[in-house]
Amino acid sequence: MSSDKRTDNIYAKARQAVADFSFSDDVVAVFPDMIARSVPGYDNVIATTGLLAAEHLPIGGKVLDLGCSLGATSYATLAYLTDPTAQVIGVDNSEPMIREAKRKQRDPRLSFVHGDILEQDVSGANVVLLNYVLQFIDPETRLTLLTNIRQQMAPDGMLLLSEKICYSNPSHQAQMEQAHWAFKRANGYSELEVSQKRSALENVMIVDTEAEHRRRLAAAGFTQITRWFQCLNWASFIIQP
Ligand code: GEK
């Protein structure tokens, strides 16, 4: 493992009270390891999202990576692009995250912005990336965000969305949730780590069913919604006007 990928053991020790999860300095330091061991299919989704974004981009095109963290999907997109005039803008409201992203910045076509994606202008974007971010946005605000994206992005633009999803059928939900915990244990997280992380995320990460996503995307004005990947209860969609 490279020194770049420090092991996540944030929840390894028992805590008296587990505070709500936030994208703090501690999390940023272990983020690549944390997300790869927690999100089924993460590496595949990032690389393929980059490919889909690059394929959709015209010469001189613009990509907005909303909730970019350290810019993994931005870099995956640029890896497929030879166009020196392409522009990728990563936006995140975690100051430690953006500070670290800027420190590691290694492509002149990519810029990082510290800001709230709810306030971000995405005018003229050919591709908008929302990878595992909508689930952290207040459910009441999600439709407004998607409507703004739909109205501001290029008329033939593409939104690439990845999310954890839940199921309205309780036995499907239990089966998938348990499979996800097993996935995390198989990646080296202890029972305690899985359960403390779950408590930390309880009020912060609110997931929807695929049907709810489809309803809201349609209400925002999108008509083409294709699920292109799913691993357990984590799914990715290509979305177009
Ligand atoms: C990846 N896309 O590697 N405005 C801006 N950023 C926000 C907001 C907001 N309102 N809310 C949350 N974030 C990345 C992974 S991580 C997913 C995305 C995860 C940011 C938050 O600071 C964090 O960096 C990111 O969204 C979610 O593909 O950690 O599970």
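The values are calculated or read from the model by the stated rules, or taken from the named source; none is laboratory data. Values in this document were obtained by computation on a predicted structure and should not be read as measured data. So basically every Cβ, Gly included, is an ideal-geometry build from the backbone, and we count neighbours across all protein chains shown. Ligands, DNA and RNA are stripped out before the accessible areas are found, and what is left, the full protein with its side chains, is counted by its heavy atoms. Shrake-Rupley method; radii C 1.70, N 1.55, O 1.52, S 1.80 Å.
Looking at (1) over 16 Å from L134 (Cα atoms); (2) touching a residue at least 60 places away in the same chain (Cβ under 8 Å), which is the one condition that is false for I206?
All conditions are met except number (1).
Across segment 73-108, what is the total count of residues that are over 19 Å from Q152 (Cα atoms), in contact with a Lys or Arg (Cβ under 9 Å, 6 or more places away or on another chain) and open to solvent by 30 Å² or more (accessible area, probe 1.4 Å)?
Matching residues across segment 73-108 total 3.
Limited to segment 52-91, what total is found for residues that are touching a residue at least 60 places away in the same chain (Cβ under 8 Å), more than 16 Å from L161 (Cα to Cα) and among the charged types (D, E, K, R)?
Total satisfying the criteria: 1.
Given the conditions (1) closer than 30 Å to S190 by Cβ; (2) under 20 Å from the mean Cα position of the chain (by Cα), which single one is not true for A12?
(2)
Tell me whether segment 162-177 contains one or more residues that are among the aromatic types (F, W, Y), modelled with pLDDT of 95 or more and away from the ligand (no atom under 13 Å from the Cβ).
There is at least one residue in segment 162-177 that is among the aromatic types (F, W, Y), modelled with pLDDT of 95 or more and away from the ligand (no atom under 13 Å from the Cβ).
If the Cβ limit is 8 Å and pairs must be 6+ apart or interchain, which residue in segment 106-131 that is at positive phi pairs with which residue that is of a type outside the set (K, R) and more than 8 Å from the ligand (Cβ to nearest atom)?
Sorted first by the residue in segment 106-131, then by its partner, the pairs are G124/Q152; G124/M153; G124/A154.
Of all the residues that make up segment 34-72, how many are within 12 Å of the ligand (Cβ to nearest atom), charged (D, E, K, R) and either open to solvent by 40 Å² or more (accessible area, probe 1.4 Å) or assigned to a helix (DSSP H, G or I) (or both)?
Number of matching residues: 2.
Among (1) farther than 26 Å from L232 by Cβ; (2) over 18 Å from the mean Cα position of the chain (by Cα), which single condition is H114 missing?
Every listed condition holds for H114 apart from (2).
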